Amino acid sequence: MTESRREFIKKSGCALGMTALATQMHHFGLVDAMAQSIDPLALTGYKALVLCYFDGGNDGNNLVVPIHDVPVGTTGISNYTTYTNARGTQGLALPRTGTGALLPISVPRMGTDYTYGLHPSLGAMTRDIGQNIINNGIHELYQQGRMAIVPNVGTLVRPTTKAQMSQASHPKPYQLYSHSDQTNQNQNAYANRPIFTGWGGRVADAMRAGVDPANIGGLIPMVTSIAGAQIFTAAQASPPLAIGQANTVAIPLPTPLPTPNLRTILSPAGFTNTGGTARRTAFNQIRAEEVLSNANFVKEAAEVLDTAMQADAAFASANEVAVEFPNTSLGQQLRQVARLIQMRSSLTMNRQIFFVRIGGFDTHTDQLGAHNTLFTQFSQAARAFYDAMGSLGVQNDVTMFTLSDFGRTFNPAGSGAGVGTDHAWGNHCMVIGGSVVGGNFYGLPTSNGTPYPNLAFNGTDDADGGTGARGRWIPSTSVEQYAATLAKWYGLPQDAATLQAVFPNIGNFNMASGALDFLL
Amino acid sequence: MFSLRRGPVKFFWLATVIFAVSPLSVFAQGDPNPNSPTPIIVSIEGSPRLLAYQALRSRNHTLGRLPAETLRPGGNAVMFVANLSLMEGEDANAFRIFARDEKGRTYKFPVIDLRPAPGQPEVYALTFRLQDEVGYWQEPIEIGDLIVRLSWRGLSSNELLLGYGGKGGKLSEEKSLKSSSLSDIKGGKVSQAASLNNVGIGYKWSGDRVRFLEQATFGPTPSLDLRIRRIGLRVWVAEQFEKPYPSPAYPYPDIPLKNTNRDDITTGCGPFADTAVYRACIRNHYTMYPLQNWFFQEALYGDAQLRHRVAWALGQIWVTSGVVNEQSSWMIAYHKVLSKNAFGNYRDLMEEMTLNPGMGNYLDMVRSTRNNPNENYPREILQLFSVGLFELNQDGTLKLNNGNPIETYSQTDVNNFTKVFTGWNFCNTGCPSSGPGLVNFKDPIVINAGITTLGNNRHDLTAKTLFSYPGAPNPTIAACTGTCDDTLVSIASYANTSLDQTLDNIFNHPNVGPFVSKTLIQHLVTSDPSPAYVSRVAGIFNNNGFGVRGDLKAVVKAIILDPEARGDVKTDPNFGKLREPVQLMTNLFRQVGVTGANFTGLSDGVIVGRTSPLGQNVFYSPTVFNYYPPDYVIPGTSLLGPEFALMTSGTAVSRLNFTNTVVMNDNAVGINAETSPNGTSLDIRELEGIAAADTTSNRLLDTLNNRFLHGTMTPATRSSILTAVNAIAANNPRQRARQAVYLVATSSQFQVQR
């Protein structure tokens, strides 16, 4: 049985006495290692998962688009005409030729006749003076087989068909189409009811539970968010670290490389003036006292600060990563991740989970311009990160993947320059890394037998019915299936008890079909 | 539910003063004792074990029976509580029972029934179920002792052992456990007087007064504390309701509308030029800078503190943001709606906010038409501004159906509500603030603005089906047909009427009272209020005593005068809330003293750039979900703590560094000779004087304990700070004062408003 971290602190605090510095009190990952028998050979090498969360609900319908002309007939496999008929009139359809054309990709899973296109902003572009465009983007990674697409992923309690949508007895995710609830369900991989932990946090809990002694003596928590507090990172026994993004660094990179701010973002300022030493002593004493406070909010605030102080000490030797990152928020978040991965040995970390975020996807209006900006930022930052992992020699050990609140209605909202889309459900995800068996689609079949949904309004994959149906795809691959595939690669023990603890609904879904083998 | 409850039994026993709070007795001179008695749970005679029975069908809660030393998991049981003084209507949901096991895991047991114990009128029998209702940990699986306690009105009872399916384990060794049997209680052997470390506090109820000011203002000041001591909380609240707003010395910045193209040479700031004039024009019109400065001036110095505080809270429910609404004039128009209605009626707030052009832009209502409807505003007015996602009881707890929450609305409902909100747009001609080249972000949006032909009507004229709860006004709206759609004028009339009917339909939904009440309590007082507290406030929301629903004055008064908010000391471990960054800053400034550069003049409100590293850039909420969500649970716990969403490793350090900057430096924050000559500085001189007058530094510590922590500073913290202060030479009292302020202000005890 895993003890809570709080219990551990309590014991340590007693053992060391009230005057001990809180920063000496515990190392993350040590708790259960002490309590359990350890097989140090159970985990080898290094692995990291990086969730890039598309905040606001990305319109996957314009990320991956059918561009073939194979007649739909009775196959239910939509073509480019299906797409332009739905989106052309209101000005939301992307062209497949000429300026701003979709970038063609081949999809072995779909067969040679069925071609698809990626949003043009994922391609190679000319460097810009804003230092946001610096590389060839991720379309190239798809073509190199280092990026996979998992279409129509979404929140589910059980596999769900169109017919089951109208059956009250068939369990469905609570509050479909609501940002906050669907964000939570994507990040906690559980759609039955609200819960307190995210699946990243639960993977960390399970990996620390003695079954699999990751990060023995690790100096920072297994889970790190570069984008604030997120339910994905919330665990019961493994508190996350949450630090800010890097400062911008000039492009091209200066020589010699500057000292990064990894340390300074967590270092309390001051303590150098008169009485500074005495001040630091008291500051540490108060924190050591407060992490044991009976007042819960006081205790929790002190623990957050204490985690920061420990990380501050661990980050003393940070170095800059010798790869250019775009000077965007996401670029600087991923630069921070790259720095941490670069220091993995000195931090004694062999398994890490990171959370980064790009916001602005709630495109009820002005979607075309927003998508150009957002996809460019994602593509450039993701590519820079992939390249940085290559320069660190860990490109096969680090996998980045995307999730979002939900997809968006295939039927546009508004028209003309301001055209946008409303909240929907199933959505297309990307997985990038050296261990990705890319250049293909993955996932369980939709109604048409392929992973890519039938794009017909009120069709066999549309959750909406009737004449006003707007195209909200019923997911064919659940968040659990997608997440569990990633977690398995990461090293989550595959015994039934662990899987059940991390992904309580996993038993409702087929994991054995091979449809999700997108990782080596 | 049980219906056997008798009327409340009025008595007082260990409490020395009768405690009675009537939220409506505004003009009472002087205040009643704010302190509720501390509840005592009754033990078995001579044992630290809870006196309890397995609940029987007969409900014969006689105290004389042989108690059950172990209770059946999953079953109902009865415990006994003494030292209460209940208000009329105060029921089982005023109590929360917590248990913890050996591993430090906490469980919450649902409270089912409360009634006077037969034959013991001073004692209440509390029926509860031995089943965790939080679901954070699995149910306690080990058979053995738990430690149980009870919370009531922000106070915690004593702790006792409870045999959960059996006795045993190490918890019985805890030294703090002791008997609290009926004879112990009657013999005065159980002392439950909450202790204050209030060495320097000479006035009655000063702990409560300072806490009150933390809840109702942007921070206590010595002069405000003095004033409230003279006139009492209730008179002060009544005064606040009448204060002009903004305070006359700090009127809203008068910022004209500008072109949406900032470089427009007629109505923008153009042509672009790398000059101070151009930059200032952009900063004042196309950023929130003037509004932020005004906001902080009003918070630091203004007299209308309560309205400012409530408007700030409402603005975190009805969120718009400078991220999208980039002109300060737009956001000022929006803030005026908040502040005007902060002491008005919630229904008016709903209507004015719906028609506020900033909101219309932020949530896309101005772009929603019958042919291209946009669900953004209708979805959020329901989810975030009025009813929320799940059906609620009046006490804010979820209504359940077979154990599952009941969704308040479906996608079909959203589709119907969406229709009502189609066709509205900016009033760019013919309204007071209309002007060439400008988008009218000041006047309310109107139906079919600029539409001249009937065929171009943008409002959805079909029938709508709205909420149909019992007593719902306007559960349906008929289609606009016949003569209704003959002219644009009649369509406009239909659309306006429909909007009124729809807002009435939403406003009267039974969820609105508990939804709004709980959220406001969270912003002002405590993150996880008891259901009884929510219910009391929601009751006032539903009817202010004069048959009026939605009276925010009455609601605010009920929130800040409630016995759960009041009292010198709050011992419930879950009471209070993390200070959001804005409150952290303004409380620090106001409690020490705030001035401009070189201790001359007043702050000009420029604290700009200091809030965003802490995660709260004022008037730039990142999304409509505010800086932090109201349902945020602190990771690793089951504690509801919305503001903790802003408390990360990084921002925790930013809080320290902000404090370091303003406390340890001579230079003002934000000072800029050209644009902000004053900046904002901490005025340390008063505390410096106190440090100089008493070289033992005890008076300094007393003062800080009183002002910052209303007397709750722990002895260990006090000792740590005292040592650090006295490490500085006595002839440097300024540095001594700074040392002390830094350490108090960075303590987690101060990060939490409690």
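Things to note:
- Residues in the stretch A:151-175 that are over 18 Å from residue A:188 (Cα atoms) and of a type in the set (Val, Ile, Thr): A:160, A:161.
- Taking the stretch B:635-661 as the range and being of a type in the set (Asp, Glu) and at the interface with chain A (Cβ under 7 Å from one of its Cβ atoms) as the test, no residue passes.
- The residues of the stretch A:405-428 that are within 14 Å of chain B (Cβ to nearest Cβ) and small (Gly, Ala, Ser), listed by number, are A:413, A:414, A:415, A:416, A:417, A:418, A:420, A:424.
- Residues of the stretch A:366-385 satisfying the condition of being within 14 Å of chain B (Cβ to nearest Cβ) and buried (at least 22 other Cβ atoms within 10 Å of the Cβ): A:367
- Qualifying residues in the stretch B:441-471 (those that are among the small types (Gly, Ala, Ser) and surrounded by fewer than 17 Cβ atoms within 10 Å (Cβ to Cβ)) - the one farthest from residue B:488 (Cα to Cα): B:471
- Scanning the stretch B:662-681 for residues that are among the aliphatic types (A, V, I, L, M) and either away from chain A (no Cβ under 14 Å) or farther than 15 Å from residue B:297 by Cα (or both) turns up B:662, B:663, B:664, B:668, B:671, B:673.
- Residue match in the stretch B:412-419 (condition: of a type in the set (D, E, K, R) and touching a residue at least 60 places away in the same chain (Cβ under 8 Å)): no
- Only a single criterion out of (1) modelled with pLDDT under 90; (2) assigned to a loop (DSSP other than H, G, I, E, B) is not satisfied by residue B:86, namely (1).
- Scan of the stretch A:331-364 for residues that are among the small types (Gly, Ala, Ser), surrounded by fewer than 24 Cβ atoms within 10 Å (Cβ to Cβ) and more than 13 Å from chain B (Cβ to nearest Cβ), ordered by number: A:345, A:346
- Some residue of the stretch B:625-634 being more than 7 Å from every other protein chain (Cβ to nearest Cβ), closer than 21 Å to residue B:735 by Cβ and among the aromatic types (Phe, Trp, Tyr): no
- Within the set A:295, A:308, the sole residue that is at the interface with chain B (Cβ under 8 Å from one of its Cβ atoms), out of contact with any strand residue (DSSP E or B) (no Cβ under 6 Å at 6 or more places or on another chain) and buried (at least 24 other Cβ atoms within 10 Å of the Cβ) turns out to be A:308.
- Candidate set from the stretch B:660-710 (those that are of a type in the set (D, E, K, R) and in a helix (DSSP H, G or I)); member that is nearest to the chain's Cα centre (by Cα): B:707
- Residues (at the interface with chain A (Cβ under 7 Å from one of its Cβ atoms) and not in a loop (DSSP other than H, G, I, E, B)) located in the stretch B:721-735: B:721, B:723, B:724, B:735
- Restricting the stretch B:603-624 to residues that are in a helix (DSSP H, G or I) and in contact with a Ser or Thr (Cβ under 8 Å, 6 or more places away or on another chain) leaves a set whose member that is nearest to the other protein chains (Cβ to nearest Cβ) is B:613.
- Listed by position, the strands (runs of 3 or more DSSP E) contained in the stretch A:57-122 that have at least 1 residues being β-branched (Val, Ile, Thr) and under 20 Å from residue A:409 (Cβ atoms) are A:64-66.
- Subset of the stretch A:242-289 [touching a residue at least 40 places away in the same chain (Cβ under 8 Å), among the polar types (S, T, N, Q) and within 11 Å of chain B (Cβ to nearest Cβ)]: A:245, A:267, A:284, A:285
- Some residue of the stretch B:339-358 being farther than 30 Å from residue B:590 by Cα, assigned to a helix (DSSP H, G or I) and small (Gly, Ala, Ser): yes
- Applying the set (1) closer than 30 Å to residue A:341 by Cβ; (2) free of Cβ contacts under 8 Å to residues at least 60 places away in the same chain to residue A:458 leaves exactly one unmet item: (1).
- Residue within the stretch A:218-226 that is at pLDDT below 85, crowded, with 24+ Cβ neighbours inside 10 Å, within 16 Å of residue A:350 (Cα to Cα) and not β-branched (Val, Ile, Thr) present: no
- From the list B:349, B:306, B:355, B:291, the lone residue that is in contact with a strand residue (DSSP E or B) (Cβ under 8 Å, 6 or more places away or on another chain) and in contact (Cβ under 8 Å) with a residue 60 or more places away in the chain is B:355.
- Residue match in the stretch B:601-614 (condition: surrounded by 21 or more Cβ atoms within 10 Å (Cβ to Cβ) and within 22 Å of residue A:296 (Cα to Cα)): yes
- Residues of the stretch B:257-288 that turn out to be assigned to a loop (DSSP other than H, G, I, E, B) and in contact (Cβ under 8 Å) with a residue 24 or more places away in the chain, as a count: 10
- Residue B:585 meets each of the listed conditions (1) buried (at least 24 other Cβ atoms within 10 Å of the Cβ); (2) over 28 Å from residue B:714 (Cβ atoms) apart from (2).
- Selection within the stretch A:311-327 - surrounded by fewer than 24 Cβ atoms within 10 Å (Cβ to Cβ), over 24 Å from residue A:45 (Cβ atoms) and either more than 11 Å from every other protein chain (Cβ to nearest Cβ) or among the small types (Gly, Ala, Ser) (or both): A:313, A:316, A:320, A:324, A:327
The values are calculated or read from the model by the stated rules, or taken from the named source; none is laboratory data. Keep in mind that what you see is a predicted model, and the values were worked out from it rather than measured. All Cβ positions, even for glycine, are placed from backbone atoms using ideal geometry, and neighbour counts span all protein chains on display.
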